[in-house]
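Structure first, commentary second.
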Amino acid sequence: MIGKSYVLLFLLQGVATEEWTMTTAARKAISGSCVVLPCTFDFPSHPYKAVQGAWFKYWYYWKYAVVYSKDPNYGMPTFVGRTGIIGDLEQKDCSLKINNLRPEDSDNYYFYVDVEGFDVYTFKEPAHLKVLDVPDRPEMLLPRDLREGTSAYIICKALHTCPDNPPKLTWSELPSSSVSDTTESEGEIFTVLTFNPSHIHHHQTVRCTCEYPQTNHRVFNSVTLSVKYAPRNLSITSPHMIQDSSINIIEGNSAVLICSVESFPASNLMWRHLNVTMNRTSSNNELWLEIPRITSRETGDYQCVAENEHGAVESSITVTVQYAPRNLVITSPVVIEDSSIDITEGNSVVITCSVDSFPASNLMWRHLNVTMNRTSSDNELRLEIPHVTYRETGDYQCVAENEHGVENSFVTINVQYTPQEITVSTSAASGGIREGNNVTLTCSSESVPSISHYTWFRIEGNASTQLNTNSWILSFTPVTRGDDAGFYCTATNPLGNSSSNTTHLNVEYGPELSQESECAWRADGIACICVASSNPPGDLTWHLPHANLSGNQTRGGFVSQQLRAGHLVMSSLFLMGHQDEEELMASCSVRNPHGATMFKVHLWVKGRDSNKWKVGLGMTGIMLNVFLAGILIFLYVRKRKTATEETASKTNEIELTYSQLSVKHQGSENTVVTDLQITTRDTTREGETSGPQEVFGGGVGGDAGHQYRIKDLLQANINFLKLPSGDETVQRDKDTDYAQIRL
């Protein structure tokens, strides 16, 4: 199509000319193939009969015919049969074709025209031919600037001089491309590859191959595409493990981030963190960011921005710095001051422990070395105590731990509560409380706020008496048997008060005989009573010439009955029947761990009717039982009295002797004389003695502070023997030191 247009233009020009003109073009051809030398001519307008033409070449200024249209025999032998004018001379087309080209065919060729009936003319413009042994590589033409998104093409053209055997042009594969049909023009053949350039075409090689079937020659050419495109496929890598666009680095280690991108031309790269530029590079598709010693402050997102003249792209990575727990904080809705919380018992309290760490810490609350609660992989832990009691007072420690370390802190909860755990302790030795020693009772308690004052109470029976003291101690200097009672204390603070349990002071002392231990002479015998007070109660024994009696026993003419009531031990001895001895001595001894005491009596018995003594034997045993039972009942129903005397100082080896005792019996020859002696010894404290006690301190059964007179007991049970009038009774005279038996 291009060739035809060219010829038509030439003809139009020829019509207008009045000169001899010719147009041709140089050609390259391949040895063994053919070639067509294009040729058109024109001449001045003139009538003519026919047009003849011939091609020849100069040989040293000689014309050698290559082809002669009228007579082929005029042609050069080497061209005979290989050449011919294929153009229509009448149409002024003088194109020459040469077959089976040889290298020596390379030369300049001239055209001669004979216009019959007008003129003959040889054109001076030659048609140049160059015969090639090997064809040239195809020529590839493409735009200088390939841009992504802008359509582009590549032209591949090759030598083509032989219309009978055109070469074959093929393209290598190129994604998203199309190839046009082959087109011939001006001794060349060409094809066009059309595509939309993109980043996938950048740096790809496109090849065009040309095959010449007549000569078996095959040649090719190629180009590498440079497609300009905006940055894409930006990636961030690191020597550290990357997962979900994040990396974990232990604090103190170095961190390396590598940003790479695809773009043409190369991009300007930049690293940013917290909107601050870290580093940058120009015209480079890779940029490193190195942090030599990373800290938790470097935690966060890092953006890499890539930009060139065609666009920009960015991506980010999260850098998480792993570090041990720190900045542990304890908070509470209640005011915390100096790591301490003050709260009233019964209220609720909530304390929250929070910590800064990565990975998240395992948290634990501890109190008194006991774990209260815990959580795993969480940087916050609440501890709630719904109803605070005084037992919750103390330090609460929060411990945070992860794989990199441990952190802890504490808060002190001060519970304000009424006094608790009220106890009374005694300063006495382990051996017990001994009368005469110093004893201290101490009241102890747990209390916040502190105790403002203490109150002491003494319990006697069902009555409680407040003592006049506000001290936390109660002292007895010294302690006496009158202090044998129950005591408790009450502790008071601004929130209330609480009381202790009752502590009983069990005051121990050695045996003491009553001065009123006496003997009575009755019609059927002599009755003696021995009464002693001691704590612990003592062991009482009657000592006779031939036997010792204790408890309830009968031996010979003697009957012994014994009774214990609280701190008192009482025993009676009844003497019946005739005794062989003219003089009879009996004694009563009482002993406990703290000492011993003894009551002695001397009896002279003469001329008594033995039958009378025997008659009273059975009755006497019954009456003695009644007597002792009466005393026991009296001890529990007797109105108690407040102690009026302190225990007298004891002296060693005090002996009370009733001497010059006489018995007056009107109308009888029988005589009984008693000589009473009371001896007390403290076996636990040598060198100290105890005097006689007319009044016994310390009530029966532990009722301290009460006293009982033996005579009162006898009078309360005056009928215990139901003796007839006229019996003899030993009595003490108010004005003398002797006792007498009156008939």
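The values are calculated or read from the model by the stated rules, or taken from the named source; none is laboratory data. Just so we're clear, the structure is a prediction, and the values are computed from it rather than from any experiment. Reconstructed Cβ throughout: ideal geometry from the backbone, glycine too, with neighbour counts over all protein chains shown. We work out accessible area using only protein heavy atoms, side chains counted, and drop any ligands, DNA or RNA first. Shrake-Rupley method; radii C 1.70, N 1.55, O 1.52, S 1.80 Å.
Which of (1) buried (at least 17 other Cβ atoms within 10 Å of the Cβ); (2) among the hydroxyl-bearing types (S, T, Y); (3) in contact with a Phe, Trp or Tyr (Cβ under 8 Å, 6 or more places away or on another chain) does S445 not meet, given it meets every other one? Of everything listed in (1) buried (at least 17 other Cβ atoms within 10 Å of the Cβ); (2) among the hydroxyl-bearing types (S, T, Y); (3) in contact with a Phe, Trp or Tyr (Cβ under 8 Å, 6 or more places away or on another chain), S445 misses just condition (3).
Do we have T161 as outside any strand (DSSP E or B) and either of a type in the set (G, A, S) or open to solvent by less than 70 Å² (accessible area, probe 1.4 Å) (or both) here? Yes. Within region 414-425, being buried (at least 16 other Cβ atoms within 10 Å of the Cβ) and more than 23 Å from T344 (Cα to Cα) holds for one residue alone: V424. Would you say V120 is farther than 24 Å from A29 by Cβ and surrounded by 14 or more Cβ atoms within 10 Å (Cβ to Cβ)? No; evaluated as a whole, the condition is false for this residue. Taking into account only those residues within region 448-463 that are open to solvent by 40 Å² or more (accessible area, probe 1.4 Å) and of a type in the set (S, T, Y), which is farthest from E392 (Cα to Cα)? The qualifying residue farthest from E392 (Cα to Cα) is S452. Can you spot a residue in region 185-203 that is among the acidic types (D, E), open to solvent by 70 Å² or more (accessible area, probe 1.4 Å) and touching a Gly at 6+ places or on another chain (Cβ under 8 Å)? Taking every residue of region 185-203 in turn, at least one turns out to be among the acidic types (D, E), open to solvent by 70 Å² or more (accessible area, probe 1.4 Å) and touching a Gly at 6+ places or on another chain (Cβ under 8 Å). As for region 167-179, it holds at least one residue that is within 29 Å of I98 (Cβ to Cβ), open to solvent by less than 50 Å² (accessible area, probe 1.4 Å), touching a Cys at 6+ places or on another chain (Cβ under 6 Å) and assigned to a loop (DSSP other than H, G, I, E, B). Looking at region 319-343, which of the residues that are of a type in the set (S, T, N, Q) and open to solvent by 50 Å² or more (accessible area, probe 1.4 Å) is farthest from V411 (Cα to Cα)? Per the criteria, the residue is N327.
Filtered by the rule that a residue be closer than 27 Å to R232 by Cβ and of a type in the set (D, E), region 280-310 gives E286, E290, D301, E307, E309. If the condition is being in contact (Cβ under 8 Å) with a residue 12 or more places away in the chain, more than 23 Å from S254 (Cβ to Cβ) and surrounded by fewer than 17 Cβ atoms within 10 Å (Cβ to Cβ), then region 273-309 contributes S282, S283, E309. For region 136-147, the criterion of being open to solvent by 70 Å² or more (accessible area, probe 1.4 Å), touching a residue at least 24 places away in the same chain (Cβ under 8 Å), under 30 Å from H217 (Cβ atoms) and not in a strand (DSSP E or B) is met by at least one residue. What do you reckon, is T215 of a type outside the set (G, A, S), at pLDDT 95 or above and within 30 Å of A29 (Cβ to Cβ)? So T215 fails the test.
So which of E421, E407, E384, E392 ends up being in contact (Cβ under 8 Å) with a residue 60 or more places away in the chain and in contact with a strand residue (DSSP E or B) (Cβ under 9 Å, 6 or more places away or on another chain)?
Exactly one residue qualifies, and that residue is E407.
Assigned to a loop (DSSP other than H, G, I, E, B), touching a Phe, Trp or Tyr at 6+ places or on another chain (Cβ under 8 Å) and at negative phi, is that true of S464? No, not satisfied.
When S475 is tested against (1) open to solvent by less than 40 Å² (accessible area, probe 1.4 Å); (2) among the polar types (S, T, N, Q); (3) at pLDDT 90 or above, just one condition goes unmet, and that condition is (1). I need the full set of residues from region 497-527 which are crowded, with 23+ Cβ neighbours inside 10 Å and within 23 Å of H567 (Cβ to Cβ), in order please. Of everything in region 497-527, those that are crowded, with 23+ Cβ neighbours inside 10 Å and within 23 Å of H567 (Cβ to Cβ) turn out to be V507, Y509, G510, P511, E512, L513, S514, E518.
Out of the residues in region 105-135 that are touching a His at 6+ places or on another chain (Cβ under 9 Å), assigned to a loop (DSSP other than H, G, I, E, B) and not β-branched (V, I, T), state the one that is nearest to H46 (Cα to Cα).
F118
For S377, state whether it is modelled with pLDDT under 90 and open to solvent by 20 Å² or more (accessible area, probe 1.4 Å). Yes: the conditions hold for S377. Take the residues in region 64-104 that are in a loop (DSSP other than H, G, I, E, B), under 21 Å from W20 (Cα atoms) and polar (S, T, N, Q), then tell me which one is most open to solvent (accessible area, probe 1.4 Å). The extreme case among them is S69. Considering the conditions (1) touching a residue at least 24 places away in the same chain (Cβ under 8 Å); (2) open to solvent by less than 70 Å² (accessible area, probe 1.4 Å); (3) closer than 26 Å to D342 by Cβ; (4) under 14 Å from the mean Cα position of the chain (by Cα), T371 is excluded by exactly one of them, (1).
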